[in-house]
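S.K.: Got a structure for you, written out below as structure tokens; questions coming shortly.
The values are calculated or read from the model by the stated rules, or taken from the named source; none is laboratory data. Because the structure is a prediction, the values reported are computed rather than measured. No Cβ is skipped: glycine too gets one built from the backbone with ideal geometry, and neighbour counts run over all protein chains shown. For accessibility, only protein heavy atoms count, side chains too; no ligands or nucleic acids. Shrake-Rupley method; radii C 1.70, N 1.55, O 1.52, S 1.80 Å.
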Amino acid sequence: MDKPVLRADARRNRAKVLAAAEQAFAVDGLAVPLDEIARLAGVGAGTVYRHFPSKEALFQAVVLERIEQFAQEARELLAAEDPGEVFFDFFKRVVKQASLNRALCDALAETTGLGFKAGAGTDFRSALQALLIRAQAAGAVREDIDGDDLRALIAGCLAAERYSPESRHLVRVVVDGLRKAS
């Protein structure tokens, strides 16, 4: 079934809500009240609820858009020449970008239960796993790591970034541990 086409003003209001929610969720995660998002967007709370039935639905819309971008980037990197370095650079970039955005951090670490369970999460997992398999085939990544291990390592790195922000070397330690021993 096709989604109804929104009027121009409704599309603008939806875009305002998404932009305000992205900003608010990046700072406060799910703790931000919907009324605050409505205020930041310059719309009434009813407008927010017309587009998103719950705060969780709005959160998921904001986060899944970014996770879809990560998945697309990973798919584009599958054609890169050095699969190992591409994999490690992408892994570090995902952790760094997510650590700066509490909503994305929560979703990737699954503390909200939303991030990886929707379609974009599946696309991201598949694209990340394809990068991993390609890097393993090139002899750059240990062979005893799979996609679930990788997801757990991302969550661990995000926790390290969140709880020990001065310990930037911890992500490097994890990446070094992923490298195949020579």
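S.K.: Round to a whole number: what % of the accessible area of region 45-104 belongs to carbon and sulfur, probe 1.4 Å?
M.R.: Numbers: 1410 of 2920 Å².
C and S fraction of accessible area: 48 percent.
S.K.: In units of 2.2 N^0.38 Å, what is the alpha-carbon radius of gyration of region 1-106? Spell out each step's value before the answer.
M.R.: Numbers: Rg = 16.5 Å, N = 106, 2.2 N^0.38 = 12.9 Å.
Relative to the rule-of-thumb radius for its length, region 1-106 sits at 1.28.
S.K.: Enter the angle in degrees (range 0 to 90, nearest 10) between the Cα long axis of helix 8-28 and the first principal axis of the Cα atoms of the chain, meaning the one along which they spread out most.
M.R.: 50
S.K.: Kindly express, to the nearest 10 degrees and within the range 0 to 90, the angle between helix 55-77's C-alpha long axis and the longest C-alpha principal axis of the chain.
M.R.: The angle comes out near 40 degrees.
S.K.: To the nearest 10 degrees, how steep is helix 83-99 against the longest Cα principal axis of the chain, on a 0 to 90 scale?
M.R.: 40
S.K.: Starting from the 7 Å offset along Cα-to-Cβ, what nm value, one decimal, do you get for the label separation of Asp146 and Asp176?
M.R.: So the label points at Asp146 and Asp176 sit 2.8 nm apart.
S.K.: Just to check, using Stokes-Einstein with a Kirkwood Rh over alpha carbon pairs, what's the diffusion coefficient of region 24-182 at 4 °C and 1.567 mPa s in µm²/s? Intermediate results must be reported in sequence, preceding the final value.
M.R.: Details: Rh = 16.6 Å.
Roughly 78 µm²/s, to the nearest whole number.
S.K.: Sticking with this one: What accessible surface, in Å², does a 1.4 Å probe find on Ile145, ignoring ligands, DNA and RNA and rounding to the nearest 10?
M.R.: Probe radius 1.4 Å; accessible area of Ile145 about 30 Å².
S.K.: Note down the net charge around Gly42, summing +1 for each Lys or Arg and -1 for each Asp or Glu among other residues with Cβ under 14 Å from its Cβ.
M.R.: Residues near Gly42 contribute +1 overall.
S.K.: On average over all directions, what projected area in square nanometres does region 4-46 have, based on the convex hull of its Cα atoms? Before the final figure, lay out each step's value.
M.R.: Working: hull surface 12.5 nm².
Result: 3.1 nm².
S.K.: Find the accessible area per residue for the chain; the probe is 1.4 Å, ligands and nucleic acids are left out, and the unit is Å².
M.R.: Details: 9820 Å² over 182 residues.
Result: 54 Å² per residue.
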